[in-house]
1. Tell me the label-point distance for the pair Ala133, Val36, using the 7 Å Cα-to-Cβ offset, in nm and rounded to one decimal.
2. What 222 nm value per residue comes from the helices of the chain, counting each DSSP H run with n ≥ 4 as -39,500 (n - 2.57) and dividing by all residues, nearest 500 deg cm²/dmol?
3. Multiply the residue gap between Thr184 and Ser57 by 0.36 nm, knock off their C-alpha separation, and tell me the result in nm, one decimal place.
4. Give, rounded to the nearest 20 debye, the magnitude of the charge dipole that the chain has about its Cα centre when Lys and Arg contribute +1 at Cβ and Asp and Glu contribute -1 at Cβ.
5. Over the Cα atoms of the chain, what Rg and Dmax result, in angstrom?
Amino acid sequence: MIRKALLAALLFIGIPAWAATGSPVALNTVTVAGNVVTVNATAHGLSAVTPSGFCISGSSVPQLNVCGVVSTATTNSFTFLMIGAPACASSCGTVLPAKRTIWLRTDTISGGYNVSFLEWVVTTSPAGGKTSAWSGASAAENAAVSAGTFIEYQKSQIFTNGTTLAQAETWLANDWASTQASQTSSVQPGTFTGNFWDGVGWLQ
């Protein structure tokens, strides 16, 4: 009932004009200090406030063709955590925002249609061990899901007949934002991993 009310409300508000998906931004240099990787990329558009997932591809350094989560960001650089990351001085590849919502399929039902979709929300404190349910995920995206930095939710939503593609896309985008905000404000999956009780006390 609540979801139907939200959908009804959505139909009466303005629908944003969706642009094309993000364009690749060239990486200028990549430097490493311990496990902190600093990427210099002019006007990359990523954020640490609303946690941004990203994917780097086309790098001449194979280990840098990864997906990860932004730790800190300025206009022309960002950092992320990676064990054993290599530096790169040239031909470092490009970066794109990570996919957030993947539309899997549409099933016709009485009075409307049902959309099955995935959401990838992100965390910098992961607990891994899963694989993506989407067959189109790249090796780097699957690695991020497996590592737990991308947390995959499988969902579905019923839309009534007359709901346009733009309206459905807006609903899905808003649902991702709500899921990510909830994840960000919660205890992160890997926060207490490795904590133990030995009969005397807890490690932490």
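1. The modelled label-to-label distance comes out at 3.8 nm.
2. Rounded to the nearest 500, the figure is -6000 deg cm²/dmol.
3. Between Thr184 and Ser57, full extension yields 43.1 nm more.
4. Charge dipole of the chain: 220 debye, to the nearest 20.
5. 19.4, 63
Read the figures in this text as sums done on the coordinates, not as results from a lab. Just so we're clear, the structure is a prediction, and the values are computed from it rather than from any experiment. Counting neighbours? That spans all protein chains shown, and the Cβs are built from the backbone with ideal geometry, glycine included.
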